[in-house]
1. With A:Lys47, A:Lys61 as the choices, which residue is closer than 25 Å to B:Gly48 by Cβ, within 10 Å of chain B (Cβ to nearest Cβ) and at pLDDT 90 or above?
2. Which condition number in (1) outside any helix (DSSP H, G or I); (2) within 13 Å of chain B (Cβ to nearest Cβ) is the one that A:Ile67 fails?
3. Could you list all residues from the stretch B:59-80 that are touching a helix residue (DSSP H, G or I) at 6+ places or on another chain (Cβ under 8 Å) and farther than 18 Å from A:Ile29 by Cα?
4. Regarding the stretch B:44-51, can at least one residue be identified that is at pLDDT 90 or above, out of contact with any Lys or Arg (no Cβ under 9 Å at 6 or more places or on another chain) and part of a helix (DSSP H, G or I)?
5. Can you name every residue in the stretch A:18-32 that is facing chain B (nearest Cβ under 7 Å) and either over 13 Å from B:Tyr51 (Cα atoms) or of a type in the set (Lys, Arg) (or both)?
6. Output the number of residues of the stretch B:7-43 satisfying the condition of being within 8 Å of another protein chain (Cβ to nearest Cβ), outside any helix (DSSP H, G or I) and buried (at least 22 other Cβ atoms within 10 Å of the Cβ).
7. Which condition number in (1) in a helix (DSSP H, G or I); (2) more than 29 Å from the chain's Cα centre (by Cα) is the one that A:Met41 fails?
8. Could you please give the count of residues in the stretch B:58-93 that are at the interface with chain A (Cβ under 10 Å from one of its Cβ atoms), part of a helix (DSSP H, G or I) and modelled with pLDDT of 95 or more?
Amino acid sequence: MQVAITRLFRRFNRRGIELEIEEEFCFHIEMLTQGYISRGMSLEAAKDAAAKCFGDAERIKTECAEISRRSHPFMRAMKSFLILLFLTGVLVRLFSEDFYVRHAGDMLIAVAALGRLLLYASGLSPSSFLSGNETSSPLILDSASRTRIVAYNERKRIPIEPTISDE
Amino acid sequence: MANGRTDLMQGTLELLILKTLAHESMHGYGIVQRIHETVEDLLKVEDGSLYPALYRMEERGWITSEWGVSENNRRAKFYKLTRAGRKQLDAECANWARISKAITRILQTA
């Protein structure tokens, strides 16, 4: 039960989401590194090749974290609740004759709009204001040989260090 | 095409992922490897770019994810196709066949 609660909290917490994504990326980069080592590369060269092959991990992590956060059931429920609140406010505002009830409708609309704005603002990160230099599609037809390693992103920055032993 | 690299249209990666996951659940690395093995590296999927696509597909309900243990005893996140994903795969396959047929006809007449 405690594990489930911790996992749920981790999935909603921004840092928790990022940790989970980092763990997933780390596994992928480690596997790539192992693959390059098995093809005869040195550990350092394999790590470098794996990092290049993976791409800009920091940018991808930010993108995945944003998708993960907005698709969380709590966020979905919150968005639905705010829409419901807004519609209730509009209906009250339109059909009520009483001044105080109409005023309550205004309050509902204001709370719903403010809540939606806060949800939107909480999802913004510094990277939201940066323009990416990605290609239009992550799929590339490659006519080169099997062993060629394609460097996809010149701004390589991998914060995750693969934990491959030197053996 | 001069440098041997050509971008493919958006949505193609989703189709390949759906097809790859049609038979068994897999982790991200496994999906990329399976695609590369199948197309014999004629088509290259950028490893990192796979993940935003996977997360978006999970958001749409086409796939679900679950942490498990990989073939080398490492903790890894496995993705599995949902019923909605299977329907989407059928729709995407039909769409791809239509587009492919249309482009082939144009190329044959031109």
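1. Values: A:Lys47 fails: within 10 Å of chain B (Cβ to nearest Cβ).
Step by step, each of A:Lys47, A:Lys61 is checked, and only A:Lys61 is closer than 25 Å to B:Gly48 by Cβ, within 10 Å of chain B (Cβ to nearest Cβ) and at pLDDT 90 or above.
2. In the conditions (1) outside any helix (DSSP H, G or I); (2) within 13 Å of chain B (Cβ to nearest Cβ), A:Ile67 misses (1) alone.
3. B:Glu59, B:Arg60, B:Gly61, B:Trp62, B:Ile63, B:Thr64, B:Ser65, listed by residue number.
4. Taking every residue of the stretch B:44-51 in turn, at least one turns out to be at pLDDT 90 or above, out of contact with any Lys or Arg (no Cβ under 9 Å at 6 or more places or on another chain) and part of a helix (DSSP H, G or I).
5. Across the stretch A:18-32, the qualifying residues are A:Met31, A:Leu32.
6. Total satisfying the criteria: 1.
7. (1)
8. Here the count works out to 0.
The values are calculated or read from the model by the stated rules, or taken from the named source; none is laboratory data. Not measured: the values here are computed from a predicted model. Don't worry about glycine lacking a Cβ; one is built from the backbone with ideal geometry, like all the others, and counts go over all protein chains shown.
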